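**Student:** Quick one: this structure, given as structure tokens, is what I'll be asking you about.
Values in this text are rule-based calculations from the coordinates and carry no lab data. A quick note: this is a predicted structure, and the numbers were derived from the prediction, not measured. Here Cβ is always computed from backbone atoms with ideal geometry, including for glycine, and neighbour counts include all displayed protein chains.
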Amino acid sequence: MTSIIHVNLAQDSYKIVSAAGCLDNLGALIASTHTQSRDLGRSVIVVSNPIIFRHYGLRVINSLEAAGFTVNSCILPAGERHKTLASVEKIYNTALKHRLERSDTLVALGGGVIGDITGFAAATWLRGINLVQVPTSLLAMVDSAVGGKTGVNHPQGKNLIGAFHQPRLVAIDPEVLSTLPAREFRAGLAEVIKYGVIWDAALFYHLEAATNLSQLRFLRPELLQLVIERSCKAKANIVEQDEKESSLRALLNYGHTIGHAIESLTYYRQFKHGEAVALGMLAASEIAVASGTWSRTEAKKLLALIQKAGLPTAIPAELDVSAIVKALSLDKKVKNGKVRFILPVKIGEAFITDQVSPEIVTQALHRLRSLTVEQNSLSALDLLPA
Ligand code: NAD
Ligand code: GLY
């Protein structure tokens, strides 16, 4: 099963190819994107981390060499704490050592961390060289590898340094998910659920129809393919309409406003990004119910889906609601002093607003806390008012 999605961005257009086993075909895939006006060079640096490189590095290198590329690698330490300018510098040093030219290519083989770092190095080395994304986590496949946001963290905040730089190709081999830790898989599902709520109702209902989602082995290969394909399509559609996030693209931040506040208040240690997004989606859902923009029935469906995906639904007891509300004002997305929220209208549709008062946020967070307490102590999903 091969799926090809086109991301149409004039001279920066590219394909997202998703096919089981395509890792062994990467060299040919890259070679096939050469055109008269777009040369991906002869020299490639594969950037990865030790865990992923051990699993897949050799296959990628063999495939690139078989297609005639000269291949070198740059292995960065694993983890979000290494998403820094120091890691970018290691890539620059490798590029310098192997005399990468402007037409040559960086291949990001990894999750969102490797993808974002490598993307930023590609955006800035020689004022911009080619980038190919080979995402290996579910989150990277459905979100970070597509759309051209690249960057690293500053000691004072996440993703504060960055650039837009579209890849020339995104090559997804769903088979690599077999080695992804289960918790990382579930974290990626949060972003999939996000697309279902903000853009693609059919995707939501496909997930709703599955008996269990919490582990890769519960998903039939066709459902996994559908999840990746529809998520990439949703992201591609949105990015095509608003590449630099002047308006519509902000929809992709659904669940991220309160999610980021929870991540930063727990020092990025307690929750994976996708887990915090799941809590943020539930909080935004409660705000939307309180604001009268969406129904309790749909809020219940979302809660049930997030639970089925094995994602957290409870805000930690030790987190003060007032601390969360205060942290919101420090969010990157604050504009003219107003916090921007993405609120659902119905499954498959959401809107952007900065008209949510701190009182409604406070009330919604308390409500979410009481719902999840009820749910934990009484399995009370069915007791929620319709
Ligand atoms: P990650 O890159 O840290 O990967 C998660 C863990 O899974 C890591 O330990 C990694 O080594 C491991 N891993 C990945 N693929 C594997 C595989 N196939 N087999 C075994 N282990 C594997 O985290 P992530 O969730 O992929 O990405 C999170 C990052 O993405 C954050 O830095 C976030 O800011 C960024 N992000 C960027 C965008 C964007 O648009 N650029 C969007 C969303 C998130
Ligand atoms: N992950 C949000 C975006 O790409 O815009």
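**Student:** Take the chain, connect every pair of alpha-carbon atoms lying under 10 Å apart with a spring to form a Gaussian network, then pick out the residue of Glu222, Glu80, Glu286 with the largest mean-square fluctuation.
**Tutor:** Judging by the Gaussian network model, the answer is Glu222.
**Student:** At 7 Å along Cα-to-Cβ for each site, give me the label-to-label distance between Asn62 and Ala202 in nm.
**Tutor:** 3.8
**Student:** Which of Arg168, Arg42, Arg186 ends up with the largest GNM mean-square fluctuation for the chain, with Cα atoms connected below 10 Å?
**Tutor:** Arg42
**Student:** Taking Cα centroids, how far is the stretch 291-344 from the stretch 350-372 in Å?
**Tutor:** The distance from the Cα centre of the stretch 291-344 to that of the stretch 350-372 comes to 6 Å.
**Student:** Kindly identify the stretch 34-177 as rounded, prolate or oblate by the Cα gyration tensor criterion: order the square roots of the eigenvalues as a ≥ b ≥ c, call it rounded if a/c is under 1.5, otherwise compare a/b with b/c, prolate if a/b is larger, else oblate.
**Tutor:** rounded
**Student:** Give the shape of the chain as rounded, prolate or oblate, defined through the alpha-carbon gyration tensor: a ≥ b ≥ c are the square roots of its eigenvalues, a/c under 1.5 means rounded, and otherwise the shape is prolate if a/b is larger than b/c and oblate if not.
**Tutor:** Cα axes put the chain in the prolate bin.
**Student:** What's the exposure ranking of Arg54, Arg269, going from fewest to most Cβ atoms within 10 Å?
**Tutor:** By the 10 Å Cβ count, ascending, the order reads Arg269, Arg54.
**Student:** Mind telling me which of Ile352, Ile16, Ile91 comes out most flexible in a GNM of the chain, alpha-carbon contacts under 10 Å?
**Tutor:** Sorting by GNM fluctuation, first place goes to Ile352.
**Student:** With a 10 Å Cβ neighbour count serving as the proxy for reagent exposure, in which order, fewest first, do Leu319, Leu131 appear?
**Tutor:** Fewest-to-most Cβ neighbours within 10 Å comes out as Leu319, Leu131.
**Student:** Can you list residues from other chains, or at least 5 along the same chain, whose modelled amide H is less than 5 Å from the amide H of Asn130?
**Tutor:** Amide H neighbours of Asn130, under 5 Å, 5+ apart: Asp104, Leu106.
**Student:** Rounded, prolate or oblate: which fits the stretch 240-336 when a ≥ b ≥ c are the square roots of the eigenvalues of the alpha-carbon gyration tensor, with rounded for a/c under 1.5 and prolate only if a/b beats b/c?
**Tutor:** It comes out rounded by the Cα gyration axes.
**Student:** Using the 10 angstrom Cβ neighbour count as an exposure proxy, how do Lys15, Lys83, Lys326 rank, fewest first?
**Tutor:** Lys326, Lys15, Lys83
**Student:** Let me ask another. Quickly work out the Val334-to-Asp242 label distance, labels modelled 7 Å from Cα along the C-beta direction, and quote it in nm with one decimal.
**Tutor:** The answer from the label model is 2.1 nm.
**Student:** I would also like to ask the following. According to a simple spin-label model (label point 7 Å from Cα along Cα-to-Cβ), what is the distance in nm between Thr70 and Val345?
**Tutor:** According to this spin-label approximation, the distance is 5.5 nm.
**Student:** I want the local charge near Gly255. Using Cβ-Cβ distances under 11 Å, sum +1 for each Lys or Arg and -1 for each Asp or Glu among the other residues.
**Tutor:** Net charge around Gly255: -1.
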